[in-house]
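First the structure, in the form of structure tokens, and then the observations on it.
The values are calculated or read from the model by the stated rules, or taken from the named source; none is laboratory data. This structure is a prediction, so every number in the text was calculated from the model and none was measured. Reconstructed Cβ throughout: ideal geometry from the backbone, glycine too, with neighbour counts over all protein chains shown.
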Amino acid sequence: MDELVKKIAAFGLPAVILMIAMSATGLAGGAALTTALAALGPFGMFGGLALLGTIGLLVDKITEFGFEEITKLVLKEHLKTTSKEEAIELVKKYPITKSMKLKIIDYIENFNEN
């Protein structure tokens, strides 16, 4: 069941992005679809399809590992080049929930490079 939920989530986000792009075109039907795909991608419709496919794969991997684990891995790399204080100030500006900010700040404060 968990695997099914991951796959649905992986297809859901690209579909939402496509629907938003289609509604932004001001067109209807096939014209909206082709225009939205062309607008999303760097090489026309094929680029739009590739972008949506890439987003789907990324969402699938994020749901596989978990958002918190990926955030920790990214922060571990980020802390190699910046100080803990700079990283905390940056996190405070992120548009995420307060509870997630507190978890990230706690991870940074307790981060040990060993």
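Pairs, please: C-beta under 6 Å, at least 6 apart or cross-chain, first residue within 12 Å of LEU79 (Cα to Cα) and in the stretch 98-114, second of a type in the set (Lys, Arg) and at pLDDT 90 or above?
Once the first residue is within 12 Å of LEU79 (Cα to Cα) and sits in the stretch 98-114, its partners that are of a type in the set (Lys, Arg) and at pLDDT 90 or above give ILE108/LYS84.
Quick check on my filter: what residues within the stretch 20-41 are within 30 Å of PHE67 (Cβ to Cβ) and modelled with pLDDT of 90 or more?
Those that are within 30 Å of PHE67 (Cβ to Cβ) and modelled with pLDDT of 90 or more: ILE20, ALA21, MET22, SER23, ALA24, ALA36, LEU37, ALA39, LEU40.
Every residue in the stretch 66-75 that is of a type outside the set (S, T, N, Q) and surrounded by 13 or more Cβ atoms within 10 Å (Cβ to Cβ), please.
ILE70, LYS72, LEU75
Looking only at the stretch 22-45, decide whether some residue is in a helix (DSSP H, G or I), in contact (Cβ under 8 Å) with a residue 24 or more places away in the chain and under 29 Å from GLU3 (Cα atoms).
Checked against the condition, which is being in a helix (DSSP H, G or I), in contact (Cβ under 8 Å) with a residue 24 or more places away in the chain and under 29 Å from GLU3 (Cα atoms), the stretch 22-45 yields no hits at all.
Please go through the stretch 46-84 and pick out each residue that is within 13 Å of the chain's Cα centre (by Cα) and assigned to a loop (DSSP other than H, G, I, E, B).
If the condition is that a residue be within 13 Å of the chain's Cα centre (by Cα) and assigned to a loop (DSSP other than H, G, I, E, B), then GLY66 is the only one that fits.
Within the stretch 92-103, work out how many residues are over 24 Å from LEU13 (Cα atoms) and either in a helix (DSSP H, G or I) or among the small types (Gly, Ala, Ser) (or both).
The qualifying residues number 3.
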